[in-house]
């Protein structure tokens, strides 16, 4: 029985073939050049762009596989030539892509602008095609014949790649025209719900993230044919529209002034460009007003619109303007009538609150009740400014429910918080008694109901009882001294009595 050889004769002949080793040795320089180029690119790429070197590294790492195959294949055989050509293709493609990254990213982006990913992807494919053509040419194959030799194959490839090539060229056109950038908010068709923030633009599609956190992938070919609305360019702010209907008997210009004052300082509403209100239409319900405001919080646009509507509702309610509703013919079933509230119950509740105010201790019960009945009740939303520091005024406010914050500001310093007031507290007494400007800003912390005591109603009481000036002036001096002591932590230099009494008499023309 003949012994079995440990090494195949074919494998022994392949490894010992001198021509095979000579052919493989010729690849050493190409391998070293490609490896050095990839290492240099990896080391010089910016930290945020090093992931671009992934494919050159893969190509260099894959080159040893056909290299090993070429070692064990006899020279002058088709299999050996294919293995050597494959090694050359991997190394040449890695070298060309490394050179591309070095020129475009390491050099160009350091002195100019960043190159978009879609252009880098296209350039990489071009480098792969160039490497393939060079390797085929060295192997004696005419690369052009692969594409022009068969009209049927060319037509089939063109038909199969029609959509892909269309998306690629559309992506290049989008980058050339530059209608949007990553991070912009766009509307990509006529549906108002199709609005999203651009998160990526690649060679095939554009990816956007909608307000509902839905990830939408739009082919570049479809996007290139669409009418794109960019809400972030040319300026970061965009306009929002709100429509409000008011009754016909209320003058439109009065409503417009109320709305503009209400939305001032609302969340996301810019002062510049300034909001505006115009009469938009006459509806069956009433006059339709078009509120136009500007915001940079486009990703929070629902909150911006909602809080502006809240402000408008509270402002209209404070001025006694009801938003009309659509009328319908309905059939009613008579129910037992609710027990009506006794007449004057609301006035009694206000009077009880006023009786707790020390400054009004000199008034009798009828005068307190008269103040409670003759002055209006105001309702404010959370975050509204009731009075502003430095503004003129001639009324004082009593808190019926809710809470307010009192702040003051000196020059460019940040606001200083003085106090938080609740039900039963009051503010603005100096403006009511002397007409002085507001010395602090009062902002509501929650929904708050206030009783505004106006100059006219208080003036009638002083006209009937002039001696109240002395008693109320003394109480006012005492309150000012306590407030100064609480703020400054020291004894104040209190305004002299005759001065404050004279100011009260002059203000009320007594």
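The values are calculated or read from the model by the stated rules, or taken from the named source; none is laboratory data. Since the model is a prediction, treat every value here as computed from it, not as a measurement. We place every Cβ from the backbone using ideal geometry, glycine too, and count neighbours over all the protein chains shown.
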Checklist entry - Does at least one position in the stretch 231-241 carry a residue that is closer than 30 Å to residue 387 by Cβ and either modelled with pLDDT of 90 or more or surrounded by 14 or more Cβ atoms within 10 Å (Cβ to Cβ) (or both)? => result yes
Item to check | the stretch 392-422, subset in a loop (DSSP other than H, G, I, E, B) and touching a strand residue (DSSP E or B) at 6+ places or on another chain (Cβ under 9 Å), residue farthest from residue 309 (Cα to Cα) | outcome: 410
Item to check | Check on residue 356, surrounded by 14 or more Cβ atoms within 10 Å (Cβ to Cβ) and under 48 Å from the mean Cα position of the chain (by Cα) | outcome: no
Item to check | Test: residue 470 is at pLDDT below 80 and exposed (fewer than 14 other Cβ atoms within 10 Å of the Cβ) | outcome: no
Next on the checklist: The conditions are (1) in a loop (DSSP other than H, G, I, E, B); (2) surrounded by 10 or more Cβ atoms within 10 Å (Cβ to Cβ); (3) at pLDDT below 90, and residue 299 fails exactly one of them. Which is it?
Outcome noted: (1)
Checklist entry - Looking at 254, 311, which is the one that is within 19 Å of residue 379 (Cα to Cα) and in contact with a helix residue (DSSP H, G or I) (Cβ under 8 Å, 6 or more places away or on another chain)? => result 311
Checklist entry - Based on what the data block shows, is residue 379 at pLDDT 90 or above, surrounded by 18 or more Cβ atoms within 10 Å (Cβ to Cβ) and either touching a strand residue (DSSP E or B) at 6+ places or on another chain (Cβ under 6 Å) or not in a loop (DSSP other than H, G, I, E, B) (or both)? => result yes
Item to check | Residue, nearest to residue 408 (Cα to Cα), within the stretch 425-446, restricted to residues that are touching a strand residue (DSSP E or B) at 6+ places or on another chain (Cβ under 6 Å) and assigned to a loop (DSSP other than H, G, I, E, B) | outcome: 440
